[in-house]
Amino acid sequence: MAYDVTGRLHEIFDEQQVSEKFRKREFVLEVQDGQYPEHIKFQMVQDKTSLIDPFKMGDEVKVTFNLRGRGFNKNGQMLYFTNLEAWKIEPASGGNAGGSFGGGQQQAAPRPAAQNQNPTLRAQPSAAPIASDDDNDLPF
């Protein structure tokens, strides 16, 4: 399934040689979606890792990507992960500016269902933290 998004390159990471037969490179795109910007991490794999070479941080680009998901068994527990796998990057054009998602090859395709289903989520940032950093075991 192909999607595209337009945004500003926020960060570009170095290529990683994950195994003898697999390499990847990641980058972060800043996308305006309502009041607050979203920072979305994409990955490029194998021969696509050089697609980002002509661009620099701050450039406005259009990224075409596939949504990928896989499961794996770790110590008897099934775990899942999702990747946004970029396969085309081009300079942004006036046609899809503003960071909106669209259906890759089909201009009239609906937006992905998971985006912005609960608009109250971004209404007001909370004044007090929910949990302190000491009892937060999330990696971010």
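The values are calculated or read from the model by the stated rules, or taken from the named source; none is laboratory data. This one's a predicted model, so the numbers in the text were calculated from it and none came from an experiment. Please note: Cβ atoms are built from the backbone with ideal geometry, for glycine as well, and neighbour counts cover all protein chains shown.
Restricting attention to segment 40-60, the residues that are buried (at least 16 other Cβ atoms within 10 Å of the Cβ) and within 17 Å of Val18 (Cα to Cα) total 6.
Sort out for me the strands (runs of 3 or more DSSP E) sitting completely within segment 1-73 that have 1 or more residues that are in contact (Cβ under 8 Å) with a residue 24 or more places away in the chain, touching a strand residue (DSSP E or B) at 6+ places or on another chain (Cβ under 8 Å) and among the hydrophobic types (A, V, I, L, M, F, W, C).
Details: elements: 2-12, 16-19, 22-33, 36-45.
In segment 1-73, the matching strands (runs of 3 or more DSSP E) lie at 2-12, 22-33, 36-45.
Every condition in (1) at pLDDT 95 or above; (2) in contact with a Leu (Cβ under 6 Å, 6 or more places away or on another chain) holds for Glu60 except the one numbered (2). Within segment 1-39, restricting attention to residues that are more than 21 Å from Ala92 (Cβ to Cβ) and surrounded by 15 or more Cβ atoms within 10 Å (Cβ to Cβ), the residue that is farthest from the chain's Cα centre (by Cα) is Arg23.
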